[in-house]
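In what follows, a structure is listed as structure tokens, so that the remarks can point back to it.
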Amino acid sequence: MKRRQTFVFAEMARSNLYQALQECYLDLGPGTMCALITDIDAAKPLHCEAIPVTDLKITRGPFGIVDGIFRCKRRLREDIAALWPDADMSKLGDASQNSDQIYDIVDGCWRDWSDRGHETYKYLVTYGSKILYRKEWKGPGSCPFIVARWSRDSTTAWGFGPTYRVLPAIKTRNHVRYLALKNYDRHVDGVTSYEDDGVMNIDNGVEPGTWIPRAVGSEPPEVIESRSRFDVQVFEMDELKSIIKAAHYQDRPEQVGKTPPTATQWADEAAERARRMGTPATNLVHEWQIPIYRRFVWLLEQRGKLPQIEIDGEPASIEPVSPLLRAQEQEEIVRMDKFAELVVARFGPQMGIVAIDVVPYVKALAKKLGIDHDLVRDEQKITSAIEQLAPVLQATGYLPTSTPDVAVAAGLPGPGGG
């Protein structure tokens, strides 16, 4: 399974998946994104394409999930023939008379719930009411279209993203910026009033170095200035910026004074941000990451490059890890670090290494951080390394049997048990 997973991710890296994902993520802010993953040439990597929401139509199935995905696009006749070589081109009319005509083509697939025991999808390519091509696929990952939503709503198939939720703040910030630019224009090129004496005329503006005559006794031009204060918009801009950044999970510890954020503050806010992302991230794992992996697996199996692995006669499947679990692990890491810091700060490093078993602590920390277990030595090797480094550790005072030149808290035994 590990070799199989390594091969699948290598094929992902070889394809244009990550370039297509960058385009898809632009639609994730408003709420819904879609990708199309196909095998266009057996001699080339798998092809990935971002489907913009302007070409997308999705429907909710009988169980509340998106089970109908369709793409509406205007295409030339040669494009249709290249995309679907087996399509019935005669239904488009005479090719000699309509060679340059553009056709409104709709293609898409939907889940066939009549066969619940197997994941079955039906695919159609239509021009108006005419069916040009049809196909049926079976198995997890057989659907070429993959749709993911940031958050769900029971009244519609479309999702709602962080950008959608803070649109009022974004529009307000843009309007405040517009007003600021208007105010800057008035400061640079202010409104001027002058007495119309029949001689002076500055209706077309004043160029630098221009001499303008005026009648004797007439009043000179006077700048009309606004008495309203506009500096308060700075605070509104900062507040709106914080709202937008928090909605997109880009808020980080800010240095308010001269003291920079502490490591504990970074860890606490990272755990809080992970907790807030738990719900939408879980949705993306089930609707985006796992379907993309299954789609690559299905296509590679069709190519014959992936052997089928079965457990008890059933195909082996992967199990996603919930982001909520990751958030809880981040909180446990923070508590473990605080515990170790308090023990060492109160009783010194000698008692810290006595009270805390280093080997299980390191292994637990590596597991919660998701570190590869091969990077951490086993207990026997760690014990052997400590024995080899014992003279150095004793000299620096990091072993309880050493005699470092450090102060010992009242009531505790001195170094070496004295």
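The values are calculated or read from the model by the stated rules, or taken from the named source; none is laboratory data. Source: prediction; values computed, not measured. As a convention, Cβ positions derive from the backbone with ideal geometry for all residues, glycine included, and neighbour counts pool all protein chains shown. When the accessible area is computed, the model is the full protein with side chains, heavy atoms only, and any ligands, DNA or RNA have been set aside. Shrake-Rupley method; radii C 1.70, N 1.55, O 1.52, S 1.80 Å.
Annotation note: of E49, E11, the sole residue that is out of contact with any Pro (no Cβ under 6 Å at 6 or more places or on another chain), within 18 Å of P291 (Cα to Cα), touching a residue at least 24 places away in the same chain (Cβ under 8 Å) and open to solvent by 50 Å² or more (accessible area, probe 1.4 Å) is E49.
Listed by position, the helices (runs of 4 or more DSSP H) enclosed by region 252-352 that each have at least 3 residues that are modelled with pLDDT under 65 are 263-276. Among the residues of region 140-151, not a single one is surrounded by 13 or more Cβ atoms within 10 Å (Cβ to Cβ) and without any contact (Cβ under 8 Å) to a residue 40 or more places away in the chain. Is one or more of the residues making up region 407-417 surrounded by 11 or more Cβ atoms within 10 Å (Cβ to Cβ) and at pLDDT 75 or above? No, there is no match, as no residue in region 407-417 is surrounded by 11 or more Cβ atoms within 10 Å (Cβ to Cβ) and at pLDDT 75 or above. Of the set (1) modelled with pLDDT of 90 or more; (2) open to solvent by 80 Å² or more (accessible area, probe 1.4 Å); (3) farther than 25 Å from D115 by Cβ, all apply to D86 but (3). Taking the stated definitions as given, is T54 more than 29 Å from Y103 (Cα to Cα), open to solvent by 60 Å² or more (accessible area, probe 1.4 Å) and β-branched (V, I, T)? No.
At pLDDT 75 or above, farther than 30 Å from A43 by Cα and open to solvent by 70 Å² or more (accessible area, probe 1.4 Å) - does that describe any residue in region 386-405? Steps first, please.
Our first condition is that a residue be at pLDDT 75 or above; within region 386-405, this holds for none.
No: zero hits.
Taken together, G93, G29, G64 contain a single residue that is loosely packed, with under 15 Cβ neighbours inside 10 Å and farther than 30 Å from W113 by Cβ, which is G93.
If we keep just the residues of region 113-130 that are among the hydrophobic types (A, V, I, L, M, F, W, C) and surrounded by 13 or more Cβ atoms within 10 Å (Cβ to Cβ), which is farthest from P62 (Cα to Cα)? Step by step, filter region 113-130, then rank; the result is V125. Annotation note: of K2, K73, K57, the sole residue that is farther than 18 Å from L124 by Cβ and within 28 Å of the chain's Cα centre (by Cα) is K2.
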